[in-house]
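The values are calculated or read from the model by the stated rules, or taken from the named source; none is laboratory data. Note that the structure is predicted; figures quoted are calculated from it, not measured. All Cβ positions, glycine included, derive from the backbone under ideal geometry; neighbour counts span all protein chains shown. For accessibility, only protein heavy atoms count, side chains too; no ligands or nucleic acids. Shrake-Rupley method; radii C 1.70, N 1.55, O 1.52, S 1.80 Å.
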There are 4 protein chains.
Amino acid sequence: MKKVAFIGLGSMGMPMAKNLQSAGYQLHVFNRTTSKVNEMESLGAQGFTVLKEAIKDVDVIITMLSNDEALKSVCYGSEGIIENAKKDAIHISMSTVSPELIEELLKAHNKNQHFLVSAPVFGRPEAALAKKLWMVVSGDPIAKEGINNVLEAMGQGVFDFGEQVSAANLIKIAGNFMILSMVEALSESMALLEKNHISRQQFVDFITTTLFNVPIYQNYGKIIAQRNYEPAGFKLELGLKDVNLMHLASDRARVPMPIVDILLSKFMISLEKNRASLDWSAIELVTAENAGLR
Amino acid sequence: MKKVAFIGLGSMGMPMAKNLQSAGYQLHVFNRTTSKVNEMESLGAQGFTVLKEAIKDVDVIITMLSNDEALKSVCYGSEGIIENAKKDAIHISMSTVSPELIEELLKAHNKNQHFLVSAPVFGRPEAALAKKLWMVVSGDPIAKEGINNVLEAMGQGVFDFGEQVSAANLIKIAGNFMILSMVEALSESMALLEKNHISRQQFVDFITTTLFNVPIYQNYGKIIAQRNYEPAGFKLELGLKDVNLMHLASDRARVPMPIVDILLSKFMISLEKNRASLDWSAIELVTAENAGLR
Amino acid sequence: MKKVAFIGLGSMGMPMAKNLQSAGYQLHVFNRTTSKVNEMESLGAQGFTVLKEAIKDVDVIITMLSNDEALKSVCYGSEGIIENAKKDAIHISMSTVSPELIEELLKAHNKNQHFLVSAPVFGRPEAALAKKLWMVVSGDPIAKEGINNVLEAMGQGVFDFGEQVSAANLIKIAGNFMILSMVEALSESMALLEKNHISRQQFVDFITTTLFNVPIYQNYGKIIAQRNYEPAGFKLELGLKDVNLMHLASDRARVPMPIVDILLSKFMISLEKNRASLDWSAIELVTAENAGLR
Amino acid sequence: MKKVAFIGLGSMGMPMAKNLQSAGYQLHVFNRTTSKVNEMESLGAQGFTVLKEAIKDVDVIITMLSNDEALKSVCYGSEGIIENAKKDAIHISMSTVSPELIEELLKAHNKNQHFLVSAPVFGRPEAALAKKLWMVVSGDPIAKEGINNVLEAMGQGVFDFGEQVSAANLIKIAGNFMILSMVEALSESMALLEKNHISRQQFVDFITTTLFNVPIYQNYGKIIAQRNYEPAGFKLELGLKDVNLMHLASDRARVPMPIVDILLSKFMISLEKNRASLDWSAIELVTAENAGLR
């Protein structure tokens, strides 16, 4: 079985690495925080505190990091992946990062005869642990073929978006945009109804048993109706990165996306109101406040 | 069994009336177009060309009309419902109309000792025919109790939003807003992806088998991905009424709803581009054009 | 000299009526509040408490009222202007009202062989008193010719926008829109600068001595830089009417006006925050709050 | 008199350099295009084709370049200003660039004991030639004092915004935002009026002789009313840079600026419609098209 290095044991990376370990892969793990490395070692993985050594002679390198900066920091430099991965190694980038960075990394990897596959995921930590992630993948067909089993060990389905390596990143951005658009639409509806003395919860119950009878509406509908923003499923301050990626993508492609403008404003206002650690759906509070409801 | 008058045999009213007829109600039907009346007569209903006679001595009067104007025209005046309905008659208004009109009609009805129940529906003509409508209802509890069977004969579920008679109208407005917000979000996503040479259909296939695995996303996703706006399921020119109702509701309640502003702009632009008879989801074309995609 | 009836002695009407009186017109005045009537009587005008008598046998009837409702209330009904003005009387509507109402009044007046001229004004009460109002006028050419002296007695300039009677109302709406757009642009600029620790006042001093070296920018710039919203030059709650007129005009004509959407939101939010009696430029506070500046 | 190097002889830089030359400064000029250098040589300046030599032993170095990239290219590197300017040299950055770049350059200059003063200008090439530019300046007080005469030789007024070196850049961004907000407001007003068959030109004549009686409204009002977008005073494709600077500033400072969102959309749409070489006020065409006017 393939030797796999897993870089980044955060709230998403950790459960994903655990599933790979359970699936029988010979796992090298690397993380800045040693306690996470120790936890994986106790499960049988081989822990590393020097990145360069973690990836030496490894077939597949998975990165699951928080943003462009973090991904660049493990890729570039004399200790980084690009300099030190072996020939024909496949780097699977699973982070939510900009399509531009992925295209840039592809060029760097290709010079050193590595492959780069982009494979961002949809799902929260609980879904990662339960092997319920959805994955979207793009890049070189042969490389994708070679890592299919690896991906399948971490989720419930893989969707292939072709050879353009950044395609999966754009799909991830668009998917997050769909979720936040739903949050905004729910917020505006509920503000209208609450102001008219109609139960927010009853509205959610209605639409999520009829037209929008699907868990994502049920879960967010409930959170928003009850303003249950703590503890956060996904923190607002982290969500800003995703909204910025939407905005950057809209700018780069010259595609006016007015809902993105709304979302960006509401994230900015929310952060100014010290809601960084609330769930990202707490942007609803701005809508309610604008309506004089709080 | 109750004697029921059905006013308005349009594309929605006709299949609803048929279901009532099938359920065994003694039906009076009234419509401006005689051919529709004749069609119902052939099924056993009693047809009328004079409104006043259609509603005389009837227990329940259902109105299913296209807008506020049409509903007012059958309610007011010496030939109208308010003047001519019998004492204790229950008027079920099932049209998508403004909450203000419904509150106004309630007062007029109460003066003449009638009941008014508001019961707008969700679903298109095919759903109406298949008895698959969802209904939301509000108004006097005793009246609602009295007409429950009538409603159930026309749909698959009734959701009660309390005694405030216009509550169901606001729910209908909010529900339509949720649908159009989804249309706008899908349009913006697809424009971003198409501009980046990523398949619109593949994106729809992905999100509608995973996060948004529900018929309303599947159906609209397919229509929009394929730009299959003819024949229209619901015409853009009729949809403008619904968007105007959203806007009016937002204004009246002083609830800023920025997505409503976006929708209203796109409906206006679409009508200027002679798309009145396309499906209302054809507002997507404006988004695509703004991105230079057409 | 012409006999002139002046209807509406509010904060604008009063100084305008005084200037007419000074110019030597034989003035009939009518107002709901008797004290205002008395004040004009003390200056030599003839006061009336019955509208019908104030306008009997008068050549020119001027209305200066707060909104559509108020104008309708003096025009319609058995005691109103349309029923009681003499043949060939000229009604000059100087209120800021909807173009639709003006078109509707024209028809009613024409039936009774009256003329209707629309002549809204630009300027605040101080400008009215100082005879510094700007007037825009539209309607029948002969009627306009006939009342030119009357208008000139109340301001510093009259601009003719042709025969379409509602044209002047649309110009008034567009002019107010230009002013509020300036307020919004100043607000956004100043929020950006304040957040970067740059003096708001210094910015205003710079632009209003260079590019925007004109009193309207100087005055509003100063008010906004100093957040000097009390006492109000023009109250926010009254301004809402003007923004609603903009919005209605945009809707009727199907002209998307995104800055109007922004303004309407900010007025709604401001009213919810109990700022009804501040100057209408206090919508700036919402921009500042959204930026975390207050 | 001071020895001054002028870097960047574009449409703005050229007339500015000429005014410095006329004022008697000993001028070194550098530009990528030799013909521009030759033109200045014919007026008595000393031309250079090697940047490093142009700035050697010079007291004041002025840069007037098109964007961040261009400014970075002359500042950094072994041939650049930072490496090669003499001790105590004063770099005056007059380009419209990001505040972030200016702050970054300040640090680099300080390390080498140079001064950096930021001094962007307002005005088009004709104004530059006529010495009618307005300048805003910020940075070290002693350095500003030292270059005051230099600046005054190129314009009609200098406004000091303090010691924070990037302050003047933010003022420049805010000033451009004020201009484009005016363009957008004029565009929306005129679309509303044109759709109602009211003369655009007459509206402009009215407001620019009354409320907005100032050249910037008169000039842009005329251009827009007549749709006279060629030849461009300032090209749309260059204007995009300025709108992007506004957007970036809004993002960085977390100040929601909804008019900036509108502007950015309209610039994107305009570029997709191949209007790159029209005047930047041609964003009006999008507003007109959205209203069905073209």
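Looking at the protein assembly as shown, send over the antiparallel percent of its DSSP beta bridges, to the nearest 5.
Of the beta bridges lying entirely in the protein assembly as shown, close to 15 percent run antiparallel.
Relative contact order, percent, of chain A when contacts are C-alpha pairs under 8 Å separated by at least 6 residues?
For chain A, the relative contact order is 13 percent.
Please work out the FRET efficiency for the pair C:Gln226 and B:Ser11, using the Cβ-Cβ distance as r and a Förster radius of 56 Å; give the result to the nearest 0.05.
0.40
Leaving out ligands, DNA and RNA, calculate the buried accessible area for the pair B and A with a 1.4 Å probe, summed over both sides, in Å² to the nearest 100.
4800 Å²
Just report the Cα centroid separation between segment A:220-254 and segment C:38-79, whole Å.
58 Å
What dipole magnitude, in Debye to the nearest 20, does segment D:77-184 give about its Cα centre under +1 on Lys/Arg Cβ and -1 on Asp/Glu Cβ?
About 220 debye.
Can you list the copy-to-copy distances for B:Asp205, using a point 7 angstrom from Cα toward Cβ, in nanometres, shortest first?
Label-point separations across copies, in nm and ascending: 4.0, 6.3, 6.6.
Along Cα→Cβ, 7 Å out, is where each label goes; now give me the distance between the ones at D:Lys273 and B:Thr34 in nm to one decimal.
For the pair D:Lys273/B:Thr34, the computed spacing is 5.1 nm.
Which of B:Leu211, B:Phe161, B:Ile171 sits closest to the plus end of the dipole of segment B:137-284, meaning its Cα is farthest towards the positive end, when Lys and Arg get +1 and Asp and Glu get -1 on the C-beta?
Value: B:Leu211.
Relative to a virtual label point 7 Å from the Cα of A:Phe234 in the Cα→beta-carbon direction, which members of segment A:1-41 show backbone nitrogen distances below 13 Å?
Backbone N within reach: A:12.
Just to verify a number: FRET efficiency for C:Ala108 and B:Asn213, C-beta to C-beta distance, R0 = 60 Å, to 0.05?
0.55
If packing is taken as the average number of other Cβ atoms within 10 Å across a peptide's residues, how do A:83-94, C:39-50, D:145-156 rank, most packed first?
Averaged packing, sorted descending, gives the order A:83-94, D:145-156, C:39-50.
If you place +1 on the Cβ of every Lys and Arg and -1 on the Cβ of every Asp and Glu, how big does the dipole about the Cα centre of the protein assembly as shown come out, in debye to the nearest 20?
Charge dipole of the protein assembly as shown: 0 debye, to the nearest 20.
Placing the label point 7 Å from Cα along the Cα-to-Cβ direction, what are the distances from A:Glu53 to the equivalent spots in the other copies, shortest first, in nm to one decimal?
5.5, 9.9, 10.7
Taking a ≥ b ≥ c as the square roots of the Cα gyration tensor eigenvalues, with a/c under 1.5 meaning rounded and otherwise prolate when a/b beats b/c, else oblate, which class fits the protein assembly as shown?
oblate
Determine the per residue accessible area of segment C:1-112 with all protein chains present and a 1.4 angstrom probe, expressed in square angstrom.
42 Å²
Whole number in Å², please: accessible area per residue of segment A:163-294, 1.4 Å probe, ligands, DNA and RNA not counted.
29 Å²
Which FRET efficiency value, to the nearest 0.05, is calculated for D:Lys87 and A:Glu100 with the Förster distance at 41 angstrom and r the Cβ-Cβ distance?
0.55
Ordering B:Ser265, C:Ser187 by how much accessible area each has at a 1.4 Å probe, largest first, what is the list?
B:Ser265, C:Ser187
Inside 10 Å of the C-beta atoms of A:240-250, what's the mean count of C-beta atoms belonging to other chains?
2
Could you give the dipole magnitude of segment C:33-107 about its Cα centre, charging the beta-carbon of Lys and Arg +1 and that of Asp and Glu -1, in debye to the nearest 20?
120 debye
Taking the mean number of other Cβ atoms within 10 Å as a proxy for protection, how do you rank C:97-109, A:223-235 from highest to lowest?
Final packing ranking: C:97-109, A:223-235.
Mind checking the mean number of beta-carbon atoms from other chains within 10 Å of the Cβ atoms in C:192-202?
Whole-number average of other-chain Cβ neighbours for C:192-202 is 6.
Measuring from centroid to centroid over Cα atoms, what is the spacing of segment A:133-161 and segment D:142-195 in Å?
A separation of 52 Å, based on Cα centres.
Which single residue of chain A puts its beta carbon nearest to the axis of rotation relating A to B, and what distance, in whole Å, does that give?
That would be A:Val214, 2.
Just to confirm the numbers: D:Asn38, label point 7 angstrom along the Cα-Cβ line, distances to the other copies in nm, shortest first?
Distances to the matching label points in the other copies: 7.5, 8.9, 8.9 nm.
Quick one: with all protein chains in place, what share of the accessible area of the protein assembly as shown is carbon or sulfur, to the nearest percent (1.4 Å probe)?
Carbon and sulfur atoms account for 48 percent of the accessible area of the protein assembly as shown.
Summarise the partner chain shielding of C:270-279 as one whole number: the mean count of Cβ atoms from other chains within 10 Å of each residue's Cβ.
Rounded to a whole number, the mean comes out at 2.
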